[in-house]
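Visitor: Just passing along the structure, written as C-alpha cells.
Only the coordinates and a few stated rules stand behind these numbers; no lab work does. Keep in mind that this is a model prediction, so the values were computed, not measured. Glycine also receives a Cβ, built like all others from the backbone with ideal geometry; neighbour counts cover every protein chain displayed.
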Amino acid sequence: MTENRSNGHTILVVEDDDAVMDLAVNMFEFAGYTVVAASNAQDGLERFKQYPEIDLVFSDLILPGGVTGIEMAKKILIEKPKTLFLMATGYSDKGKALASKTRQIPNIECIAKPYDINEVTSKVAAMISSQPAASA
C-alpha cells in the first residue's frame with residue numbers, strides 16, 4: 001500500500017490512450033493526489049488554466065493534435081514557471097528526440113514507458129515534496 005504523500009498537491013495527467021489514462025489517474029488518486037485529466041495537449045492547456053492549483057503535469061511526450069508534451073510544457077511554464085513536469089515516453093525515435101530536448105527546459109524530467117507505479121509515485125513525491133501546494 002502506498003502512503004499518502006500528496007500534501008494537498010494536484011496533478012494534471014495528459015494522456016491520449018484511455019487505458020494508460022485510467023491507470024495514471026487511479027495511481028495518483030490512490031497515492032492521495034487530486035487529479036485533473038486531459039486527453040491531448042490543447043485540452044491540457046485548457047485544464048491548466050481552469051485549475052490554477054496544479055503543481056505537476058504528468059504527460060506523454062508524444063500527443064495527438066500537433067502539439068507535443070514539450071510544446072505544452074513551454075506554454076505552461078510561461079504562465080507558471082515553477083510548474084513541475086514528469087514526461088513519459090516509449091522512447092521511439094521521435095520520443096528519444098523529444099526526450100533529449102527536455103534537458104534544456106527547467107522543471108522537466110522524463111521516465112520510460114512502461115513505468116512502474118511505485119517508481120512513478122515515488123518520483124512525483126520527490127519532485128514536489130519541497131514545494132508547498134499551490135492552493136495553500
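Visitor: Order 62-68, 37-43 from most to least packed using the mean count of other Cβ atoms within 10 Å.
Guide: Ranking the peptides 62-68, 37-43 by packing returns 37-43, 62-68.
Visitor: Starting from the amide H of residue 58, placed 1.01 Å from N in the peptide plane, find each other amide H under 5 Å away whose residue is 5 or more places distant or on another chain.
Guide: 12, 13, 14, 86
Visitor: To continue, here is another question. Quick one: which residues, 5+ away or cross-chain, put their amide H under 5 Å from the amide H of residue 110? H built at 1.01 Å from N.
Guide: For residue 110, the qualifying residues are 87.
Visitor: Can you work out ³J(HN,Hα) from phi for every residue in region 23-38, in order, using Karplus 6.51 cos²θ - 1.76 cosθ + 1.60 and θ = phi - 60°, giving whole Hz and x for Gly and Pro?
Guide: 4, 5, 4, 4, 4, 6, 5, 4, 7, x, 7, 7, 10, 10, 10, 9
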